[in-house]
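First comes the structure, then the notes that go with it.
The values are calculated or read from the model by the stated rules, or taken from the named source; none is laboratory data. Since we're looking at a predicted model, the values are computed, not measured. Ideal geometry is used to build each Cβ from the backbone, glycine not excepted, and the neighbour counts take in all protein chains shown.
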Amino acid sequence: MDDEVTVYGPDERPTNPQKFATFEEIREFPRELQAEFRKAGFPGPSQIQSYTWPLGLGGKDVIGIAATGSGKTLAFLLPAFVEMANTGFRPGNSGPGLLVMSPTRELVQQTEIEANRFGRCLGMRSVAMYGGAPKRDQMSQYRMGCHCIVACPGRLNDFLEGGQVHLDAVMKLVLDEADRMLDMGFEPQIRKILQRVPRRRHTLFFTATWPREVRKLASEILHNPYKVMIGNRDVLKGNQDIIQTVRVVGEYDKNRAMTDLLHEAGLMRSDSHGKALVFANTKRMCEQLSQSLYRSGCPCSSIHGDKDQIQRDEALNGLKNGRIKVLVATDVAARGLDIKGVGLVVNFDPANNTEDYVHRIGRTGRAGAKGYAITFLTRGDASKARGIIEVMERTKQEIPRELQDLCRSAGGGARGNDRWGRGKGGRDRDRSRSRGKDRGGKSGAGAFGGYDRGFGGGSFDRGGGGGYNNIGHPALGGRSAGYAGGFGDPSGGFGSPACGGAAYGGPPPGGGYGCGMGGGSFRGGGGISGGFSDVNHIPLGKGGGRSRSRDGRRY
């Protein structure tokens with residue numbers, strides 16, 4: 001939890017605001033709402049709630065800047081619900097009293113669930129509007145009368161242009177994850193929607209980051225706002241309740257490393273109680289990885305942009321109710337999702353920038369729970385190591401030696417100008433072997449039980465002993481018994497030591513990747529025989545090494 005909290009007044013000077021430390025002292029919240037807090041088991045307001053509720057209940061425009069998973073949803077919903085209940089607001093032809101805009105359909109759905117959960121006791125009805133679902137159903141709910149609309153800007157703008165939805169009665173306006181909406185190019189739609197909302201309104205503006213473009217939009221739509229900043233949001237910082245680990249793996253060993261990790265976590269079993277989110281950078285890789293894990297016996301599914309809403313809902317509900325244990329996703333799921341029991345986030349592919357990395361790992365360790373985030377990096381990802389190290393350092397995480405070496409190999413000793421902090425120094429070609437150090441031993445108490453800081457000791461799910469020796473890049477140190485020999489030697493075979501081949505070198509004497517599957521070097525073309533297909537290493541026939549070429553051509 002971030003201990004640093006700063007509240008600025010409309011004059012941009014720090015102020016000493018009112019703060020709610022307990023639910024019971026909030027007299028504006030009726031008994032029915034207090035009962036919902038007790039039913040939910042909340043010990044007290046989160047930091048963002050403690051400072052924004054007094055301002056929101058007082059009718060002040062608010063800018064809330066806090067990390068994901070900090071309780072922002074209730075921070076903006078409850079002041080609006082309480083005011084509408086107290087004033088006897090009744091929805092009619094003029095539309096709802098509260099409008100919430102969010103960037104993704106998953107976040108819209110999540111917000112609608114929370115709105116109905118805590119608003120129903122006050123007689124509040126909420127409707128979600130988002131793309132990928134039938135407009136007919138959403139309009140049917142709207143016509144029944146609603147106090148709150150939670151919407152993606154694109155779908156809401158479609159309804160407004162068609163004259164199907166009216167916003168003339170909106171007294172409370174909320175922009176949630178405003179930075180993400182701007183990143184996704186929603187600013188034109190947002191501005192069109194704002195033209196339909198009354199100028200005399202109460203506006204709440206929530207964001208996880210505070211870049212220049214977000215500040216500009218906030219300055220145009222809010223009136224004398226108070227700004228509540230949880231932590232130093234000028235620098236990207238992960239949730240301190242998340243233990244971050246990086247494993248350096250071979251380019252062609254990621255699938256096996258993923259399977260090993262899920263075995264270690266106990267998530268390959270259908271009776272496991274754990275849940276994991278796995279992120280891939282492309283829709284194609286997301287689908288391939290999901291299918292590969294499913295064939296390996298892992299209860300899993302996937303969500304990405306090519307899935308229709310029914311498929312996405314089925315996958316998300318499967319993870320929520322425990323039918324599946326692993327959900328493979330692109331960044332569409334990186335913000336707003338709050339699924340109980342997700343104790344592990346895996347970056348199968350590293351995020352494209354530091355901001356996305358922080359939001360990905362923020363899917364675990366939510367609402368005070370502990371979580372684990374593990375990122376796979378290859379030598380080709382060396383330029384992204386510096387940004388990850390900076391995020392880990394800000395939360396006082398242990399930096400693995402192999403991650404430091406990878407960062408130096410990309411010239412990461414000097415900070416660059418992009419969001420990952422790339423340096424311009426030359427690549428360090430030293431591929432010296434690092435010794436595998438046994439980091440097993442006791443199982444640490446974590447989100448699943450077991451798993452001591454991502455290195456050794458038992459499974460995520462049940463706890464227990466065991467673990468690996470220096471898990472990670474096969475060229476940087478051997479695993480425990482069974483994978484010794486050539487596996488840890490960059491000049492030997494990448495699979496069994498009896499197979500020969502070269503990890504990064506020229507043509508092997510025979511064998512190659514795996515065991516007798518075909519020749520060729522990873523960086524070279526032209527093996528003695530065989531080759532591999534694009535992903536699953538299926539022999540293609542004679543001639544042409546797998547590498548990055550097929551019959552001498554790059555692909």
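Here is how the numbers come out for the structure above:
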| read-out | value |
| --- | --- |
| Test: residue in segment 179-200 that is touching a Ser or Thr at 6+ places or on another chain (Cβ under 7 Å) and either surrounded by fewer than 22 Cβ atoms within 10 Å (Cβ to Cβ) or in a loop (DSSP other than H, G, I, E, B) (or both) | no |
| Enumerated helices (runs of 4 or more DSSP H) restricted to segment 211-319, each holding at least 2 residues that are within 17 Å of A373 (Cβ to Cβ), within 21 Å of the chain's Cα centre (by Cα) and not assigned by TED's automatic domain parsing to the domain that holds R191 | 254-265 |
| Test set (1) surrounded by 16 or more Cβ atoms within 10 Å (Cβ to Cβ); (2) more than 26 Å from D356 (Cα to Cα) - F205 fails condition number | (2) |
| Of all residues in segment 39-69 being touching a Gly at 6+ places or on another chain (Cβ under 7 Å) and assigned to a helix (DSSP H, G or I), the one that is farthest from H359 (Cα to Cα) | T52 |
| Only listed residue being polar (S, T, N, Q) and out of contact with any Phe, Trp or Tyr (no Cβ under 9 Å at 6 or more places or on another chain), chosen from Q244, Q240, Q309 | Q240 |
| Residues located in segment 107-118, provided they are touching a helix residue (DSSP H, G or I) at 6+ places or on another chain (Cβ under 6 Å) and surrounded by fewer than 24 Cβ atoms within 10 Å (Cβ to Cβ) | E114, F118 |
| Selection from segment 19-38 of residues that are under 31 Å from the mean Cα position of the chain (by Cα), exposed (fewer than 11 other Cβ atoms within 10 Å of the Cβ) and part of a helix (DSSP H, G or I) | R38 |
| Matching residues, segment 374-410, being among the aliphatic types (A, V, I, L, M), part of a helix (DSSP H, G or I) and touching a residue at least 40 places away in the same chain (Cβ under 8 Å) | A382, A385, I388, V391, M392, L403, L406 |
| Residue match in segment 148-155 (condition: under 23 Å from L316 (Cβ atoms), in contact (Cβ under 8 Å) with a residue 60 or more places away in the chain and in contact with a helix residue (DSSP H, G or I) (Cβ under 8 Å, 6 or more places away or on another chain)) | yes |
| Matching residues, segment 136-160, being surrounded by 15 or more Cβ atoms within 10 Å (Cβ to Cβ), over 16 Å from L74 (Cα atoms) and not polar (S, T, N, Q) | M139, Y142, C146, A151, C152, P153, G154, R155, L156, D158, F159, L160 |
| Which listed residue, of F37, F20, F29, F42, is in the same structural domain as H223 (by TED's automatic domain parsing) and within 16 Å of E83 (Cβ to Cβ) | F29 |
